[in-house]
Amino acid sequence: MSPQRLTRSKSRVAVFGLAACLSIGLPALPLAAEPDDSAPKLLSTTGAKNRDWPTRAALKKAADSGDPKACLQYGDALLRGDGMSKDSVQAIRYLRQAADQGEPNALFRLGKIYDDGEQAPKDLSKAFDYYTDAAKAGVSEAQYNLGAMYVSARGVPRDYIEGLAWIIVATKNGAPADGEKQVRERLQKSNRQQQIAAAEQRASDILKDVAAALARPSGTTPAPTTQAPARIEIAGSGPGKISLALPAAEMPNLSKTLEDRLRATREQSPPVSLVTPRQTIKNWPSLIDLRAEADKKIPAALWALGKVHLDGTLVAADPIRALQLFEQAAALGNADAAYQLGEMYSKDNYVPHDDAKVFTYFHQAALGKVRPGFYNLGVCYVNGRGTPKDVIEGLAWLILAKKHAVDPRSEGRVRLQLQENDPGKISLAEKRAAQLQEELFSPEP
């Protein structure tokens, strides 16, 4: 499939002139400024009434049965009041059903709804998410709007390279060329030719990714990229150091049958079933239900939706959105989300490495009884990573981790180092470990 002819669903979306489309005001904006840009003025319309169904009743029946194209068309009709009373709440519900089944234009419509803030409370974060999914599915209007958001720093940190790249992609797929021209001219005037070159390369990569995604059979997802586990070094008192791998968030002692069942469940939507870092199982009847609970700021749902975005199995992988959801959940006291954040900040895969945050989030996770958090917090203390070095506290947490079947060898290695150099600290660490066990696991009075 040619990237210049990316296929979209039959519900096409009209693109209007540049003056209406790209209201990012580039000629009046210095690149260093952080302006409060208005939303891009791309409008959406299906351009058809009952195209595939003979009557409105037949359309509604098909939508209620879950047909994604019917959900898109009926939701759009409710949104516009086409032959019925306007009902934005029900419209969004039907559009979400279509979007959750991968209908690209439904994703775009939802992005525009949350971008405009007219039929639903304005939410640039949601708009960005929906535009991103629609853009990756080949909707040129979403590609254009996504680029405008990056350039304008609306709902996302300003990124001229990513913004221009998506606008270049949109232009190649039929969006107005004026937007690309304006951004290029602005960067040229600021002697940022290197950013233009980087954007062109990024656009080439995006076009290949989108074309590959569209060529993939419906309902399939790309194989996850296997990444080597991050490694933490425990500093020895002698010349050598011991390297320890971070334990995986999903505990290795789950039965093979349970792992297979959970993996199969995650690959189907709906329902949603996930294993938490605490080795509990969280279930939702569907991705729609999960999103609804996340919208209500329920901590467990925020964590789960973040995990879905991080894994990229039920929706397009989006680690930055996952990070945002984990941060919301952790701020509300969710220990599972805190553990995920500790892992993310301990690596350089998605966000810049930050030892202070690694310690803070693993500390929250450990106090929330996330067993791998016991281990990682102990490593932080032993290494002085994000906190002053404290071998007694570190060994205490590693003893607790061993007691709860997490990486028992590491505790033994640290003991061996102390026996050779400072054996008195071992008994202090054992007393501290007993205290931690009592504080965390004694029954409430």
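Look at (1) open to solvent by less than 30 Å² (accessible area, probe 1.4 Å); (2) on the phi > 0 side of the Ramachandran plot and you find that VAL351 fails only one, number (2). Here TYR150 meets each of (1) under 17 Å from ILE113 (Cβ atoms); (2) in a helix (DSSP H, G or I) with one exception, condition (1). For the range 375-393, residues that are assigned to a helix (DSSP H, G or I) and under 32 Å from the mean Cα position of the chain (by Cα) total 9.
Of all residues in the range 301-328, those being in contact with a Lys or Arg (Cβ under 9 Å, 6 or more places away or on another chain), of a type in the set (A, V, I, L, M, F, W, C), in a helix (DSSP H, G or I) and open to solvent by 30 Å² or more (accessible area, probe 1.4 Å) number 1. Only residues that are farther than 18 Å from ALA292 by Cβ and either small (Gly, Ala, Ser) or open to solvent by 40 Å² or more (accessible area, probe 1.4 Å) (or both) were counted across the range 65-92, and they come to 11. Residues in the range 283-292 that are modelled with pLDDT of 85 or more and touching a strand residue (DSSP E or B) at 6+ places or on another chain (Cβ under 7 Å) were compared, and the one that is nearest to VAL406 (Cα to Cα) is ASN283. Restricting VAL379, VAL370, VAL358 to residues that are among the β-branched types (Val, Ile, Thr), open to solvent by less than 30 Å² (accessible area, probe 1.4 Å), closer than 23 Å to THR276 by Cα and out of contact with any Phe, Trp or Tyr (no Cβ under 6 Å at 6 or more places or on another chain) narrows the list to VAL379.
Rundown of residues vs (1) open to solvent by 30 Å² or more (accessible area, probe 1.4 Å); (2) part of a loop (DSSP other than H, G, I, E, B); (3) at pLDDT 90 or above, yes/no style:
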{"site": "ALA396", "(1), (2), (3)": "no, no, yes"}
{"site": "ARG413", "(1), (2), (3)": "yes, no, no"}
{"site": "LEU428", "(1), (2), (3)": "yes, no, yes"}
{"site": "LEU436", "(1), (2), (3)": "no, no, yes"}
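Does any residue of the range 93-106 turn out to be of a type in the set (Lys, Arg), surrounded by fewer than 20 Cβ atoms within 10 Å (Cβ to Cβ) and at pLDDT 85 or above? Walk me through it before giving the result.
Step one: list which residues in the range 93-106 are of a type in the set (Lys, Arg), which gives 93, 96.
Now narrow it down to the ones that are surrounded by fewer than 20 Cβ atoms within 10 Å (Cβ to Cβ): 93.
From the residues that got through so far, the ones that are at pLDDT 85 or above too are 93.
Taking every residue of the range 93-106 in turn, at least one turns out to be of a type in the set (Lys, Arg), surrounded by fewer than 20 Cβ atoms within 10 Å (Cβ to Cβ) and at pLDDT 85 or above.
Could you list, in sequence order, all residues of the range 109-129 that are hydrophobic (A, V, I, L, M, F, W, C), part of a helix (DSSP H, G or I) and over 18 Å from the mean Cα position of the chain (by Cα)? Explain how you work it out, then say what you get.
Initially, the range 109-129 is screened for residues hydrophobic (A, V, I, L, M, F, W, C), giving 110, 113, 120, 124, 127-128.
Now narrow it down to the ones that are part of a helix (DSSP H, G or I): 110, 113, 124, 127-128.
Correct list: ILE113 only.
The selection criterion, being in a loop (DSSP other than H, G, I, E, B) and crowded, with 23+ Cβ neighbours inside 10 Å, holds for VAL406. Is one or more of the residues making up the range 352-362 of a type in the set (Ser, Thr, Tyr), touching a residue at least 60 places away in the same chain (Cβ under 8 Å) and farther than 25 Å from ALA134 by Cβ? There is no residue in the range 352-362 that is of a type in the set (Ser, Thr, Tyr), touching a residue at least 60 places away in the same chain (Cβ under 8 Å) and farther than 25 Å from ALA134 by Cβ.
The values are calculated or read from the model by the stated rules, or taken from the named source; none is laboratory data. Remember, predicted model here, so these are calculated numbers, not experimental data. Quick reminder, even Gly has a Cβ in these numbers, built from the backbone with ideal geometry, and neighbours come from all protein chains shown. Side chains are part of the model used for accessible areas, which takes the heavy atoms of the whole protein and leaves out ligands, DNA and RNA. Shrake-Rupley method; radii C 1.70, N 1.55, O 1.52, S 1.80 Å.
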